[in-house]
Amino acid sequence: MSKLHRYITCFVILIGVSVVGQERDSTGFKAFFKENVEYQLRGQFSIGGATPLGMPAQIREINSYNPTLQLGLELNVTKWLTNDQKWGIRTGLRMEGRGMKTDARVKNYYTQIDGGEGKQTKGYFTGNVKTVMKNSYITFPILATFNATENWNAYGGMYFSGLIDKDFTGYVYDGVLREGNPIGTPVEFEGDARGDYDFSEELNRFQYGIQVGGEYKLNTHFRLFTDLNWGLNGVFRKDFDAITFKMYNIYANIGFGYTF
């Protein structure tokens with residue numbers, strides 16, 4: 001089943017659950033979920049990447065960066081806490097892509113490459129490194145919402161994500177890998193020669209971070225929004241040592257929403 005089919009299936013289920021919730025007969029349940037409540041369906045485009053905080057000394061130059069096409073779908077619900085709908089709490093579920101393609105020139109960059117018969121070689125590489133990341137997450141935001149003006153809402157809080165599809169691969173080329181330490185046995189990569197790596201299994205399956213943003217009301221139903229997701233824990237597991245610096249998911253999102 002493709003990612004798109006899985007996304008559509010999940011959102012059909014979510015919409016069904018919301019409809020059932022609206023049709024419950026319990027007075028208390030009905031009052032809480034129908035009074036001062038907004039349901040919203042969102043689509044978004046994201047730009048960003050998995051990045052260290054600051055440029056590590058080993059990375060001398062970014063040759064190229066491609067954010068690739070990263071899309072997301074979200075169904076959320078906002079419960080306004082007062083009748084004037086000034087303050088509220090928003091939560092929901094979001095399916096989103098997180099990816100990028102990069103090419104960098106590095107020096108004494110510690111890494112691990114795959115060899116023949118399942119062998120792996122760790123060492124210090126000087127040359128060029130290509131990286132491709134294509135991950136998918138299911139995300140659960142918990143946000144405070146503030147109705148700043150008649151047309152503008154601001155929101156902020158935490159998000160929690162689970163990894164559902166993972167791909168973090170690449171290769172080194174046009175350079176020299178010294179096995180074990182910076183003066184170890186040299187392995188040269190020239191011409192079409194390259195050393196592949198696959199760190200997909202080392203990715204952290206759980207992510208959390210901060211989300212802040214705002215939305216503009218075009219009319220009764222349609223919204224435009226932009227927000228920032230800043231990861232607070234590393235992309236890779238704590239015991240992963242083939243990259244010596246931590247990397248974090250940092251993405252800006254822009255999109256539109258439909259309020260029911």
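The values are calculated or read from the model by the stated rules, or taken from the named source; none is laboratory data. Just so we're clear, the structure is a prediction, and the values are computed from it rather than from any experiment. Neighbour counts are summed over all protein chains in view; Cβ atoms, including those assigned to glycine, are modelled from backbone coordinates with ideal geometry. Areas reflect the complete protein model, heavy atoms only, side chains present, ligands, DNA and RNA absent. Shrake-Rupley method; radii C 1.70, N 1.55, O 1.52, S 1.80 Å.
So what is the 222 nm mean residue ellipticity for the chain from helices alone, if each DSSP H run of at least 4 adds -39500 (n - 2.57) and you divide by all residues, rounding to the nearest 500 deg cm²/dmol? Walk me through the numbers before you get to the answer.
Values: 2 runs with 28 residues, N = 260.
Value at 222 nm, helices only, nearest 500: -3500 deg cm²/dmol.
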Exercise for the section: Note down the nm distance, to one decimal, between modelled labels 7 Å out along Cα→Cβ at Ile89 and at Phe206. Expected result: 2.1
Practice task
Give me the angle, in degrees from 0 to 90, between the Cα long axis of helix 3-22 and the longest principal axis of the Cα atoms of the chain, rounded to the nearest 10.
Solution key: 20
Completion exercise
Rounded to whole angstroms and listed largest first, the alpha-carbon spread of region 152-228 along its three principal axes comes to 66, 27, 23
Exercise for the section: Grab every C-alpha pair in the chain, bin the distances at 5 angstrom width from 0 up to the longest one, and report whole percents. Expected result: 1, 5, 11, 15, 15, 13, 10, 8, 7, 5, 4, 3, 2, 1, 0
Problem - Virtual spin-label span in nm between Tyr65 and Tyr216, 7 Å along Cα→Cβ - result: 2.5
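Counting other Cβ atoms within 10 Å, which trypsin sites (Lys or Arg not before Pro) in region 52-121 have at most 12 and lie in a DSSP loop?
Lys86, Lys119
What's the ranking of 126-133, 237-244 by average number of surrounding C-beta atoms within 10 Å, highest first?
Details: 126-133: 19.2, 237-244: 13.0.
Going by the mean number of other Cβ atoms within 10 Å, highest first, we get 126-133, 237-244.
Given a 1.4 Å probe, how much area per residue of the chain is accessible, in Å²? Intermediate results must be reported in sequence, preceding the final value.
On the way: 13800 Å² over 260 residues.
Accessible surface, normalised per residue, equals 53 Å².
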Exercise for the section: Express the carbon and sulfur contribution to the solvent-accessible surface of the chain as a percent, rounded to the nearest whole number, probe 1.4 angstrom. Expected result: 59
Completion exercise
Output ordering of 69-75, 214-220 (per-residue mean of other Cβ within 10 Å, highest first) is 69-75, 214-220
Handout entry: Full-extension gain in nm, Thr226 to Thr82, via 0.36 nm per residue minus C-alpha separation
Key = 49.3 nm
Completion exercise
So Ile250 and Asp114, fully extended at 0.36 nm per residue minus their Cα-Cα distance, gain in nm 46.1 nm
